[in-house]
1. Which of the residues belonging to the stretch 227-255 are surrounded by fewer than 21 Cβ atoms within 10 Å (Cβ to Cβ) and at pLDDT below 95?
2. Name every residue in the stretch 331-351 that is touching a helix residue (DSSP H, G or I) at 6+ places or on another chain (Cβ under 6 Å) and surrounded by fewer than 17 Cβ atoms within 10 Å (Cβ to Cβ), in order of residue number.
3. Count, please, the residues in the stretch 261-278 that happen to be under 23 Å from residue 323 (Cα atoms) and not in a helix (DSSP H, G or I).
4. Consider residue 96 carefully, then state whether it is part of a loop (DSSP other than H, G, I, E, B) and modelled with pLDDT of 60 or more.
5. Residue 126 versus (1) under 13 Å from the mean Cα position of the chain (by Cα); (2) not in a helix (DSSP H, G or I): which is the lone unmet condition?
6. How many residues does the stretch 331-348 contain that are more than 32 Å from the chain's Cα centre (by Cα) and without any contact (Cβ under 8 Å) to a residue 60 or more places away in the chain?
7. Against the conditions (1) within 24 Å of residue 134 (Cβ to Cβ); (2) at pLDDT 95 or above, where does residue 104 fall short? Just the number, please.
8. Cβ-Cβ distance below 6 Å, separation of 6 or more or different chains: which pairs start in the stretch 315-330 with a residue that is surrounded by fewer than 24 Cβ atoms within 10 Å (Cβ to Cβ) and end on one that is not in a helix (DSSP H, G or I)?
């Protein structure tokens with residue numbers, strides 16, 4: 001954060017309220033669907049965060065614990081912070097059909113299909129949101145002069161969801177994702193930590209009621225109860241965050257999900273209100289919404305790196321990409337046992353230089369009795 005704000009023109013509550021309204025208008029001009037403001041008091045979340053960490057539910061995500069309680073104390077992370085501007089950006093492509101959730105379920109039932117989480121089929125959201133938030137921060141600077149701020153998009157020890165909930169962007173669903181009455185959960189969020197004493201917005205309250213459809217929808221039982229997630233069991237964690245071998249107990253439960261998982265979102269009734277994004281950045285690339293497991297398993301490292309340039313998928317690397325696909329190909333045995341094309345694809349990787357890949361290929365071949 002830079003030097004304290006020079007806000008001589010914004011000293012009254014009326015001036016600050018006008019600035020807050022302008023920030024929201026500028027945010028919408030930059031492609032955000034909603035922009036809200038929260039204070040930085042997350043005291044009530046500290047006990048829950050510590051209990052979650054103590055239980056080891058963060059798995060190998062050591063960064064979740066490495067900053068201690070700074071994650072719940074934005075003013076310690078970035079000294080001088082008094083407010084957080086939090087913004088929502090919808091990510092469903094413009095061409096998404098109304099029955100998209102049913103179509104996604106059909107792909108999960110297709111043993112040949114490679115299922116990539118919807119959010120990851122386009123451009124890396126980190127880059128898109130960070131750029132737009134930076135532009136918004138600079139618009140504020142143009143209005144008030146120098147002020148202290150820092151932009152974050154899933155890139156620092158910030159409790160993004162509690163801050164967004166506090167600001168009124170939505171509420172935490174029983175699956176722990178943020179839910180909006182206007183947009184379901186198919187959106188990204190990002191923040192600007194600022195030293196401007198802007199007026200804050202009100203929280204919306206929770207609207208899940210008696211519904212708990214997301215809990216039994218989780219293929220691996222990662223949602224332990226309302227608001228309780230064991231990331232170590234989550235398919236998104238297993239396919240993205242986990243660096244080593246996927247525990248065998250979870251492999252059959254993953255089906256053909258090779259990067260991320262949308263099951264709890266597909267089950268959530270609020271996602272009938274999911275909004276299409278306003279930017280083309282999240283439109284599908286490289287056929288990731290229609291590709292087969294065999295086709296993607298055939299990509300060599302050079303092709304993977306070239307095709308995944310600018311994609312969030314590239315960060316897992318080619319080795320883990322093949323690991324995930326091998327699990328999907330092994331699970332295809334349930335509905336297509338001994339499929340010749342699948343067995344041939346797996347055998348072509350049986351001598352892969354990576355022990356990690358070989359282990360998962362051997363497991364997959366055993367599922368096909370090969």
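1. 227, 228, 230, 231, 232, 241
2. The answer is 341, 350.
3. 2
4. Against the criterion (part of a loop (DSSP other than H, G, I, E, B) and modelled with pLDDT of 60 or more), residue 96 qualifies.
5. (2)
6. 8
7. Failed condition: (1).
8. Partner pairs satisfying both residue conditions: 319/354.
The values are calculated or read from the model by the stated rules, or taken from the named source; none is laboratory data. Note that the coordinates shown come from a computational prediction; the quantities given were computed from them, not determined experimentally. Positions of Cβ are backbone-derived with ideal geometry, glycine not excepted, and every protein chain shown enters the neighbour counts.
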